[in-house]
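S.K.: Structure below; questions to follow.
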Amino acid sequence: MQDESHILHSWALNAGNWIQTIDNNEIESRKAATNRAIVEAILRHESQKVLDLGCGEGWLTRELISRGIKAIGVDGTAALIEDARRKGPGAFQVRTYEEIIAGQPVEGGPFDAIAINFGLFGKESTEALLKALKERLNPGGLIFIQTLHPFGLLEQGKAYVSHWETDSWAGLKGDYREPHQWYYRSIGDWVALFYRLGLGLRELREPLDPGTGKPLSLLFVLKTQS
């Protein structure tokens, strides 16, 4: 597997900046559609116990708890988990994707659903993680993935092929340093990945910017195939 340790290093280095960005509600796409989209998807499928994987400072965990859902937040960046615990409520645990892939336990499992909201950055690690998560779900459990929409790269004049991008913090306020790479997949390659892992595509949505009508994200709802 390719060494993707630079991703976790970048998040550790920029945790304070990220917390400030979220606390100040500075990401327009989240305000416009994407926060609401992931919450509504989970509510629509009536999942009662949810693992918020890559939870960051824990906003989604707290939002789900406020809706009566038992939610547990997990992230590989200790500073983000510390902030999530301070803000509460909810149970939060430090676990890297590599630890989850290796089979280390996550408190509260198994789960009815696992949500990964803009938290998949790697190539091989994403495939290994999704494969491992199948074992963390109750029968009939779901995986919710929200990720960047390829339309954003097409607007920049970039080719519509799966590839590594570099500037993960582009466009954000604050003193962000040492951006990490993230692996961009076309929609077709996402679907092929799910098929290869035996994950059935229950739902695909493309939340839109209400002002421009442009797609802001891809939102997949997956189920383990019987």
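Read-outs throughout are calculated quantities, based only on the coordinates presented, and are distinct from any laboratory measurement. All values derive from a computational prediction rather than experimental measurement. Neighbour counts are summed over all protein chains in view; Cβ atoms, including those assigned to glycine, are modelled from backbone coordinates with ideal geometry.
S.K.: What 222 nm value per residue comes from the helices of the chain, counting each DSSP H run with n ≥ 4 as -39,500 (n - 2.57) and dividing by all residues, nearest 500 deg cm²/dmol?
M.R.: Helices in the chain give a 222 nm mean residue ellipticity of -9000 deg cm²/dmol.
S.K.: Starting from segment 76-136, pick out the GluC sites (Glu not before Pro) whose DSSP state is loop and whose Cβ has at most 13 other Cβ atoms within 10 Å.
M.R.: Glu107
S.K.: Let me ask something else about it. Put +1 on the Cβ of each Lys and Arg and -1 on the Cβ of each Asp and Glu in segment 5-224; which of Ile143, Leu153, His163 then has its Cα farthest toward the positive end of the dipole?
M.R.: Ile143
S.K.: Within segment 106-164, report the trypsin sites (Lys or Arg not before Pro) that DSSP leaves as loop and that have at most 16 other Cβ atoms within 10 Å.
M.R.: Lys158
S.K.: A further question follows. Quick check on segment 5-224: of the DSSP beta bridges with both residues there, what percent are antiparallel, nearest 5%?
M.R.: Percentage antiparallel, nearest 5: 50.
S.K.: Shifting gears a bit: Across the chain, what fraction of all alpha-carbon pairs, as a whole percent, falls in each successive 10 Å bin from zero upward?
M.R.: So the P(r) values, bin by bin, are 8, 34, 42, 16, 1.
S.K.: Only four residue types carry charge here, +1 at the Cβ of Lys and Arg and -1 at the Cβ of Asp and Glu. Report the dipole size of segment 5-224 about the Cα centre in Debye, rounded to the nearest 20.
M.R.: About 540 debye.
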